[in-house]
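Working notes for the structure below.
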Amino acid sequence: VDAFQAWCGPCKTVVDLFRKVRNEVGSDLLHFAVAEVDSIDALKKYRGKCKPVFLFYAVSENIVTV
């Protein structure tokens, strides 16, 4: 998940890179999403940051781990 702020927006270069990686490994193994931290309370700790924030999750036996 690319966590971004509304004033900055997701980096298009990074989105393109993740699409390329997803195409190489297959869509069943890698999913990519963007999330605007200004509108999601659970991501408020990432507000006010001037650096890219990427959140990676793994799913194992229907249990999501961070």
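Coordinate-derived values only; no laboratory data. These figures come from a predicted structure and were not determined experimentally.
Among the aspartates and glutamates, select those whose C-alpha is under 17 Å from the C-alpha of K45, and discard any that sit fewer than 8 residues away in the same chain. Correct list for K45: D2, E36. Close amide H pairs (under 5 Å, H built 1.01 Å from N) link A35 with D2, A3, F4, residues at least 5 positions away or on another chain. Sequence-ordered 3J(HN,Hα) estimates for the range 29-42 from the Karplus curve with 6.51, -1.76 and 1.60 and θ = phi - 60° stand at 9, 9, 10, 10, 9, 10, 9, 7, 5, 5, 10, 10, 4, 5 Hz, glycine and proline given as x. Counting 0.36 nm for each residue step from V15 to R47 and taking away their Cα separation leaves a gain of 9.5 nm.
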